[in-house]
Amino acid sequence: MNRKQLKLGVFSFPLTKSNAIPCKNLVSILSSFSPQIYLLTSIDSLAQDNESSRVLIYGIDYTLESNLVKKISSYLYREVRLALLVKRLNKHVDTWVFFFGGDKFILPMLTAKLFGKKIVLLKGGSSIKDAIYQNDLFYIATLFSLKVNLFLSTYIVVYSHNLVSEWNFEKYRRKIRIAHEHFLNLNTFTVTTLLLDRPPLIGYIGRLSGEKGVMNFVQALPSILSDREDLRVLIGGDGQLREAVEASLQEVGFAAHTALPGWISHEDLPKHLNQLRLLVLPSYTEGLPNIILEAMACGTPVLATPVGAIPDIVKDEVTGFIMENNSPECIARNVIRALNSPKLKQIVDNGRRFVEENYIFEKSVESWSEVLIP
């Protein structure tokens with residue numbers, strides 16, 4: 001089948017600040033295969049994109065409820081509404097790509113399956129591990145919906161072969177395909193300040209939530225700053241742990257050493273990354289975090305845990321630094337190791353080169369070609 005004959009739909013619900021860029025990237029990639037993309041989501045933030053005429057957006061309202069009864073009723077309401085939208089687009093879509101939320105909503109995928117559509121489930125992260133580390137009351141429901149949708153899928157796309165065992169997907173191995181939606185504008189994400197010219201600043205940028213290990217980073221600060229009194233810290237992002245992070249910084253006595261700018265827009269990221277001497281990502285679970293690629297492109301060394309697809313990118317003392325686990329003691333020890341590395345300049349150059357060679361638009365299109373046109 002010719003690329004432009006494909007009739008593609010994308011399910012990404014809800015669309016939030018943290019997943020807007022990955023969703024936008026995926027839509028851009030899939031536009032290489034289809035003249036029209038049908039997007040089911042919660043907001044129309046992609047409507048202002050240059051390719052908006054090629055993206056038809058079908059959205060329903062999304063409000064984060066705090067009341068348990070309202071949460072359940074709103075979820076069921078959205079299940080039905082989204083399934084009806086899949087039915088409405090039946091004649092226009094032959095293949096559905098389910099991205100964010102794709103493993104949490106059963107009725108939309110079941111509807112697509114009943115109409116004989118090809119279903120591609122792109123797993124950007126582990127909803128089960130996220131639910132565990134966030135103490136989600138709906139863990140059992142999330143586990144059930146994931147198992148159902150893994151069964152319904154034609155293909156399951158993950159970022160790395162490492163994730164097959166890490167996420168216990170061995171029984172679905174025949175369905176597994178490797179692809180990603182990651183690519184960077186290397187004119188935007190570039191080195192504007194050389195590493196040695198930057199202030200003594202280390203940091204974390206991402207969601208302030210349990211699975212990211214940000215509290216472990218905060219608890220590591222006393223050991224880090226007792227060794228390097230000149231250091232200052234940036235913790236950028238927003239999320240359910242923001243107040244806990246602020247309280248913990250006050251408790252350990254390093255609030256004055258730490259900047260908490262809140263959510264950092266994608267446009268402002270290169271500026272912040274070009275101020276860091278080291279980016280620390282102490283996650284319990286990951287898929288393939290954009291921030292690692294963006295940091296490497298900006299000449300910022302990365303220290304991360306070996307979870308998800310991270311070991312495919314961050315090779316210890318080659319393209320970055322890997323820590324054995326995310327305990328505060330381990331984080332502190334490895335932050336000092338990274339900052340004192342005599343190979344730091346070479347590691348930074350290797351990281352930038354790795355991103356330039358592997359995370360460009362053409363490479364992403366190539367990986368999706370093998371999924372969509374087998």
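The values are calculated or read from the model by the stated rules, or taken from the named source; none is laboratory data. Remember, predicted model here, so these are calculated numbers, not experimental data. Please note: Cβ atoms are built from the backbone with ideal geometry, for glycine as well, and neighbour counts cover all protein chains shown. Heavy atoms of the whole protein, side chains included, go into the accessibility calculation; ligands, DNA and RNA do not. Shrake-Rupley method; radii C 1.70, N 1.55, O 1.52, S 1.80 Å.
Projected label points at LEU260 and ARG54, each 7 Å from Cα along the beta carbon direction, are separated by 4.3 nanometres.
Expressed as an acute angle from 0 to 90° and rounded to the nearest 10, what is the orientation of the C-alpha long axis of helix 214-227 relative to the principal long axis of the chain? Rounded to the nearest ten degrees, it is 20. For segment 63-128 versus segment 182-200, the spacing of their alpha-carbon centroids is 38 Å.
Can you tell me the orientation of helix 361-372 relative to the chain, as the angle in degrees between its alpha-carbon axis and the longest Cα principal axis, to the nearest 10? Approximately 40 degrees, to the nearest ten. Spatially, segment 135-161 and segment 309-348 are offset by 31 Å when compared through their Cα centroids.
With respect to the chain, whose longest principal axis is taken over its alpha-carbon atoms, helix 344-358 is tilted by about 10°. Label-to-label distance, VAL69 versus LEU201, with points set 7 angstrom from Cα along the beta-carbon direction: 4.9 nm. Taking all protein chains as they are arranged and a probe of 1.4 Å, the heavy atoms of ILE322 leave approximately 40 Å² accessible to solvent.
Modelled label positions at ASP61 and THR193, each set 7 Å beyond Cα in the direction of Cβ, lie 4.4 nm from each other.
Using heavy atoms of the protein chains and a probe of 1.4 Å, the accessible area assigned to LYS7 is about 80 Å². The trypsin sites (Lys or Arg not before Pro) of segment 202-242 that meet both conditions, a loop assignment by DSSP and at most 16 other Cβ atoms within 10 Å of the site Cβ, are ARG228. Listed by chain and number, the aspartates and glutamates whose C-alpha is less than 15 Å from the C-alpha of LYS7, apart from same-chain residues fewer than 8 away, are ASP94.
In this structure, GLU357 and SER31 have a Cβ-Cβ separation that, at R0 = 30 Å, corresponds to a calculated FRET efficiency of about 0.80. Summary of packing: across the peptides 193-202, 303-312, 267-276, the per-residue average of other C-beta atoms within 10 Å ranks them, highest first, as 303-312, 267-276, 193-202.
Atom-type composition of the exposed protein surface of the chain places 53 percent of the accessible area on carbon and sulfur (1.4 angstrom probe). Across ILE21, ILE140, the residue with the most accessible area heads the list, and the full order at a 1.4 Å probe is ILE140, ILE21.
On a 21 Å Cα-Cα criterion, which of the cross-link pairs LYS147/LYS175; LYS71/LYS91; LYS117/LYS175 come out too long? From the list (LYS147/LYS175; LYS71/LYS91; LYS117/LYS175), the Cα-Cα distance tops 21 Å for LYS71/LYS91. Which of rounded, prolate, oblate describes the chain, given a ≥ b ≥ c as roots of the alpha-carbon gyration tensor eigenvalues and a/c under 1.5 marking rounded, otherwise prolate only if a/b is larger than b/c? Verdict is prolate for the chain. Within a straight-line Cα-Cα reach of under 23 Å, LYS343 can be paired with the following lysines, leaving aside sequence neighbours fewer than 8 residues apart in one chain: LYS315.
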